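Okay, so here's the structure we're looking at.
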Amino acid sequence: MDSPTLTVRLLRLADAEQVAMLLNDAFADEFAAAGRPPMAVLRGVRQDAWALRAPFRRVIAPLTGDFAVFVASVDGQLAGTTTISGGPVPVISSVAVAPPYRRLGVARALLAQAERYAALHGRDIVTLDVLAHNVPAITLYEREGYHVAHPYTVLETVTAAAGMPAGWRLSRVRDRDAPAFGAVARLSLPAEALALVPSLRDRYLGGPPVWVERLMAGVATYRRVLQHDGSVRGYVSGRISRGQQQARITYPLLPPDAGVALPGTLGDAVRWLTAAGAACVRVDVSAQRPDQVGALEAAGWQVRWHFLQMRKVLRRGILVAGRGER
């Protein structure tokens, strides 16, 4: 019997329904927790397919960052998919393989194509996130050369009861708040986490204009700076995407000595994101900041997930095989 033919190429609009069904099956628990209904997943896949078409890609990429969505086929049947973002350290996400095609090398082929994409864009490191209890996936990634770099915890809330303590205040980020960012970030996150998110500064201080994010990506973004006695003591950023009910706050940048203001800071973010359409809000907290986890649990947040952030250093010569995006 002939071996099955496995190919990997860019997502096309005609793939959207099958890819959305695959993602909804593979990530049912996570999508349900995020309040992301199947139709929202389908809309997102269709938007990605349009964005990957050459005329749109040339316009969108400079504004929102380049990315790619790959699909794998076995004997012409759609078997798997994954996405990779652009940026200084590309992130591979949504690795999904349909059950009939598992153990055929589909996931390895998708990872290899994503890694080639990163290398073609001049990157030498890629990262991915995986649930800490997903042992089969972790085993696969380790076999493919990934190692755990940073664990983090996801907490959720549907309310914003906490207020700001006296003497602390939040304001919109301005140019004058930027010089303190490096020192605050180093005190707020472990070095291994900072090394994996070199674009973190843009998330809190810059990035595309708000109108571009809303128009091109359907994203509403919250950015604030925390101040005490006239000095910058922290930064917080959150966002909610069109079609999703869950908003996300990533790594609140508050050093330990600013911990008293953490519940109120995130409470303000929750109020803003709820007004923007969120039914619940999640926050990602470094596992090396148990003080933050404890403070948020005391304020009513609930631990939902434990994730591992994994990384891989790409080998030289990775472009030799499978050059390009088929």
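The values are calculated or read from the model by the stated rules, or taken from the named source; none is laboratory data. The model shown is predicted, which means the values in this text are computed figures rather than measured ones. So basically every Cβ, Gly included, is an ideal-geometry build from the backbone, and we count neighbours across all protein chains shown.
Quick one: is Arg169 free of Cβ contacts under 8 Å to residues at least 60 places away in the same chain and under 23 Å from the mean Cα position of the chain (by Cα)?
On the way: free of Cβ contacts under 8 Å to residues at least 60 places away in the same chain: yes; under 23 Å from the mean Cα position of the chain (by Cα): no.
Judged against the criteria, Arg169 is not a match.
Of the candidates Ala72, Ala49, the single residue that is of a type in the set (Gly, Ala, Ser), modelled with pLDDT of 90 or more, closer than 17 Å to Val8 by Cα and part of a helix (DSSP H, G or I) is Ala49.
I'd like the full set of residues that are in a loop (DSSP other than H, G, I, E, B) and in contact (Cβ under 8 Å) with a residue 40 or more places away in the chain, limited to the range 144-166. Passing the criteria: Glu144, Gly145, Tyr146, Val158, Thr159, Ala160, Ala161, Ala162, Gly163, Met164, Pro165. The criterion of at least 2 residues that are modelled with pLDDT under 90 and touching a Leu at 6+ places or on another chain (Cβ under 6 Å) is met by none of the helices (runs of 4 or more DSSP H) falling completely within the range 181-298. Looking across the range 27-44, the residues that are in a helix (DSSP H, G or I) and out of contact with any Gly (no Cβ under 9 Å at 6 or more places or on another chain) come down to Ala28, Asp29, Glu30, Phe31, Ala32, Ala33, Pro38, Leu42. In the range 158-178, which residues are over 15 Å from Val225 (Cβ atoms) and in contact with a helix residue (DSSP H, G or I) (Cβ under 6 Å, 6 or more places away or on another chain)? Ala160, Ala162, Gly163, Pro165, listed by residue number. Modelled with pLDDT under 95, outside the structural domain of Trp272 (by TED's automatic domain parsing), under 29 Å from Tyr235 (Cα atoms) and not in a helix (DSSP H, G or I): is that true of Arg103 in this structure? Here the answer is no, as Arg103 does not meet what is asked. Of the candidates Asp75, Asp66, the single residue that is more than 29 Å from Val303 (Cα to Cα) and within 19 Å of the chain's Cα centre (by Cα) is Asp66.
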